[in-house]
Amino acid sequence: MAVRDIAYAELYTRDKVASVDHLVSSLGFTRVADSVAADRSSVLLRQNDVQLVVTSGRGIWRFLDEHGDGIAVLAMTCDDVPDSVAAAEAAGARLLGSEYGSPVVSGFGGVTHTLLPHTRNPAAELPAGRRWHATPGAPERPGGRIRSLDHLEICLDGGGLTDYAGLCRDGFGFTRLSSAREEFGEQAMDSVVMCGSSPRATLSLVAPAPDREPGQLDAFLDRNGGPGVQRLAFLVDDLPAAAHEFRDRGLEVLTVPDAGDGTRPEGRTAPTEDPAAPGGVGIPVDHDGSGSLLRLLSRSPYERNTLSFELVQRRGARGLGSAGTRALYEAVERDRLAAG
């Protein structure tokens, strides 16, 4: 029943042209194929081992009305699809039928999971069941700064964190890597990191602590109409170089605040490591027993400020750490307060 990998994430959007343009021009994805159906149309984007489907049309209006632009489908590959469906149902998921010939089970909020048989390289294959038309001249495996999907950050409500972590464990065969409560002044969040057989199938589950002051996670749940994918995090080899390139392409990144006394608080890089100098944008960095982790957030390009993107560089680290998480949380919270 084990989930092996994430074949693709599907983004539902009102403006497919603008969404595709942002991913291509700002983050370096390549358009490799198009598909048109009666009530929707899709574009397939690739970059190394990442595959994204961008979809718009009247067939997805209900999702957009309820949640705004965001990830609606996570397609997961499994060792045995029927066994995975049965395990997911036993763990509390609902079988919603099939789409494009593959079974679909409930996930969280408006997000569903399409379960696919595992293949050697799922991110290099056309998603099954649609009539794809290749983009003339597009390579099958486009390169770029982004190597693969590092993790997805999924924002849940308090009770939903335990329920979805249980579905990942009992239904999909994920392993729990860590769990923690992080405190940010009067705010706090609970987090659980779950991982499938591939490191690309890593999910960071977060929820606002119910007994603390509301913050940016509560604001996301309100804007998103409930739980959803708050961030797609992409793995890069050289984060300072990627940050420079993507900013030149037009990507807006969030400023990591200083301590206010001229020092660099825990979880921030020194100024000499700042990839966006002289713009004042620092890179949060975590250390654990296996190495370090650098992370950088973008501002959401979507009207309801739902989905955003993250760049991650791993220098041996396997987890997500706490110092960088604190820095990123504070960056998002400051951006939220500044926007009013």
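The values are calculated or read from the model by the stated rules, or taken from the named source; none is laboratory data. Bear in mind that the values here come from a model prediction, so they are computed numbers and not experimental data. Neighbour counts run over all protein chains shown; Cβ positions are idealised from the backbone, glycine included.
A few points about this structure:
- GLU66 meets all of the listed conditions (1) touching a residue at least 24 places away in the same chain (Cβ under 8 Å); (2) closer than 20 Å to GLY196 by Cα; (3) not assigned by TED's automatic domain parsing to the domain that holds ASP222 but one, namely (2).
- Subset tally (residues that are in a loop (DSSP other than H, G, I, E, B) and in contact (Cβ under 8 Å) with a residue 24 or more places away in the chain) for segment 200-215: 8
- Residues of segment 22-42 satisfying the condition of being touching an Asp or Glu at 6+ places or on another chain (Cβ under 9 Å) and surrounded by fewer than 18 Cβ atoms within 10 Å (Cβ to Cβ): SER41
- All positions within segment 185-198 that are in contact (Cβ under 8 Å) with a residue 40 or more places away in the chain and in a loop (DSSP other than H, G, I, E, B): GLY196, SER197, SER198
- Residue list for segment 148-181, filter: in a loop (DSSP other than H, G, I, E, B) and of a type in the set (A, V, I, L, M, F, W, C): LEU156, PHE172, PHE174
- Failed criterion for PHE309 (all others in (1) at negative phi; (2) modelled with pLDDT under 80; (3) touching a Leu at 6+ places or on another chain (Cβ under 6 Å); (4) not aliphatic (A, V, I, L, M) hold): (2)
- Within segment 110-140, the only residue that satisfies the criterion of being surrounded by fewer than 18 Cβ atoms within 10 Å (Cβ to Cβ), aliphatic (A, V, I, L, M) and part of a strand (DSSP E or B) is ALA134.
- Filtering segment 222-241 to residues that are in a strand (DSSP E or B) and of a type outside the set (S, T, N, Q) leaves GLY228, VAL229, ARG231, LEU232, ALA233, PHE234, LEU235, VAL236.
- Residues in segment 141-161 that are farther than 22 Å from SER198 by Cα and exposed (fewer than 15 other Cβ atoms within 10 Å of the Cβ): GLY158, GLY159.
- The single condition among (1) more than 25 Å from GLN47 (Cα to Cα); (2) buried (at least 21 other Cβ atoms within 10 Å of the Cβ) that GLU213 does not satisfy is (2).
- Strands (runs of 3 or more DSSP E) enclosed by segment 7-109 - at least 1 residues per element that are at pLDDT 95 or above and aromatic (Phe, Trp, Tyr): 102-108
- From THR175, THR112, residue being of a type in the set (S, T, N, Q) and under 30 Å from VAL36 (Cα atoms): THR112
- Unmet requirement for ALA219, which otherwise passes all of (1) outside any loop (DSSP other than H, G, I, E, B); (2) out of contact with any Ser or Thr (no Cβ under 9 Å at 6 or more places or on another chain); (3) surrounded by fewer than 15 Cβ atoms within 10 Å (Cβ to Cβ); (4) not acidic (Asp, Glu): (3)
- Scan of segment 118-134 for residues that are at pLDDT below 85, under 12 Å from LEU45 (Cα atoms) and either of a type in the set (S, T, N, Q) or touching a Phe, Trp or Tyr at 6+ places or on another chain (Cβ under 8 Å) (or both), ordered by number: ALA123
- Reported count of residues in segment 1-53, each being of a type outside the set (S, T, N, Q) and within 30 Å of ASP170 (Cα to Cα), is 16.
- Any chance GLY173 is buried (at least 17 other Cβ atoms within 10 Å of the Cβ), in contact with a Pro (Cβ under 9 Å, 6 or more places away or on another chain) and either among the small types (Gly, Ala, Ser) or modelled with pLDDT of 95 or more (or both): no
- Residue match in segment 184-193 (condition: crowded, with 17+ Cβ neighbours inside 10 Å, polar (S, T, N, Q) and touching a strand residue (DSSP E or B) at 6+ places or on another chain (Cβ under 6 Å)): yes
- Evaluation of GLY143 against the conditions (1) over 20 Å from VAL36 (Cα atoms); (2) in contact with a Lys or Arg (Cβ under 7 Å, 6 or more places away or on another chain); (3) in a loop (DSSP other than H, G, I, E, B) shows that the sole unmet condition is (2).
- A search for C-beta distances below 6 Å between a residue of segment 1-14 that is closer than 15 Å to TYR302 by Cβ and any residue that is charged (D, E, K, R), counting only pairs 6+ apart in sequence or on different chains, returns THR13/ASP69.
- Tally of residues being closer than 24 Å to ASP79 by Cβ and acidic (Asp, Glu) across segment 164-201: 1
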